[in-house]
Every structure is written in C-alpha cells, then in structure tokens.
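Have a look at the structure below before the remarks.
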Amino acid sequence: MQLSELQQEVDRYISQFQEGYFHPMTLVVRLAEELGELAREINHHYGEKPKKADEPEGDIALEMGDILFVLACMANRLGIDLDDAFSATMHKFRTRDRDRWTRRDRQDEHGEGRRKDE
C-alpha cells in the first residue's frame with residue numbers, strides 16, 4: 001500500500017463523521033499519546049520494566065498502526081502528501097547522510113566497517 005492509499009483510506013473513514021478531523025494541536029497530542037503507548041510496549045518487551053501480572057499483553061505492531069493512523073489524519077488535515085514528504089526525506093538521507101554510516105559494501109579487509117571520518 002502506498003502512503004497516498006493509506007491517506008485515502010483514513011479520509012474515507014473520517015469523512016463518515018460530522019466532526020471530521022481534529023485540530024492540528026489535538027492531533028499532535030494524540031500522536032504523543034500513541035507514541036507513549038508504543039514506548040510503554042517497547043519498554044515491557046525489551047526494557048527493564050516488566051508488566052504487572054494483571055496487565056493485558058500489548059501489541060507493538062498495533063501501536064505502530066495507531067501512530068500511522070494519527071499521522072495520516074494530521075497529514076490529511078494539513079494537506080500534506082505523505083508520499084511526497086517521505087520521498088523528500090529519503091532524498092535528504094541519501095544525500096546529506098550518504099557517508100555518515102558504515103556501508104556494508106565498504107568494509108575493510110578484516111571484515112570490519114569503518115566510518116568515513118575515522
């Protein structure tokens with residue numbers, strides 16, 4: 001699924017309701033809430049804070065899906081095409097950070113990678 005398709009699906013869902021999209025500030029708060037829920041699940045699975053015995057098991061993938069939904073709502077509300085935004089971001093990383101990290105195809109003779117600035 002392309003990001004534009006995701007945005008269209010979210011728009012079809014939101015368009016059913018008279019209230020429509022929330023205000024951008026409300027969407028930012030919702031995004032922060034969802035990110036907090038994802039952080040909690042990551043912490044329970046990979047961090048040092050286990051869940052209480054009576055807490056239900058969470059789902060990291062669902063929390064990521066919630067974040068995508070809210071992000072699509074925000075993009076739609078602000079008239080931002082996420083395909084274009086993501087393409088611009090990837091161009092930025094491919095150019096600005098092109099030599100920032102050790103590329104797998106540039107490892108030294110010992111099989112160890114080195115950053116270009118080392």
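The calculated 222 nm mean residue ellipticity attributable to helices in the chain amounts to -19500 deg cm²/dmol, summing -39500 (n - 2.57) over DSSP H runs of n ≥ 4 and dividing by all residues.
Only the Cβ atoms of Lys and Arg (+1) and of Asp and Glu (-1) were treated as charged; on that basis the dipole of the range 1-65 about its Cα centre amounts to roughly 140 debye. Placing a pseudo-label 7 Å from each Cα along the Cα-to-Cβ vector at Phe93 and Gln18 gives an inter-label distance of 4.3 nm. The residue among Met25, Ser15, Ile60 whose Cα reaches farthest toward the positive pole of the charge dipole of the chain, with charges on the beta-carbon of Lys, Arg, Asp and Glu, is Met25. Along the chain, counting only chymotrypsin sites (Phe, Trp or Tyr not before Pro) with a DSSP assignment other than H, G, I, E or B and at most 14 other Cβ atoms inside a 10 Å radius, the longest segment between sites is 18-100.
Each Lys and Arg contributes +1 and each Asp and Glu -1, all at the Cβ; summed about the Cα centre of the chain, the dipole is approximately 560 debye. Measuring r between the beta carbons of Leu78 and Lys52 and using R0 = 25 Å, the FRET efficiency lands at 0.05.
Mean Kyte-Doolittle of at least -1.0 and a Cα length of 24 Å or more along the axis: which whole DSSP H helices of the chain meet both?
On the way: long enough: 24-46 (32 Å, -0.14); 60-78 (27 Å, 1.45).
Flagged H segments are 24-46, 60-78.
When the chain is fully extended, how far beyond the present Cα-Cα distance does Asp11 get from Arg106, taking 0.36 nm per residue of separation?
Taking Asp11 through Arg106 to full extension adds about 29.8 nm, to one decimal.
What is the ratio of the Cα radius of gyration of the chain to 2.2 N^0.38 Å, where N is its residue count, to two decimals?
Taking N as the residue count of the chain, the ratio is 1.46.
No value in this document is a laboratory result; all are computed from the given coordinates. This structure is a prediction, so every number in the text was calculated from the model and none was measured. Here Cβ is always computed from backbone atoms with ideal geometry, including for glycine, and neighbour counts include all displayed protein chains.
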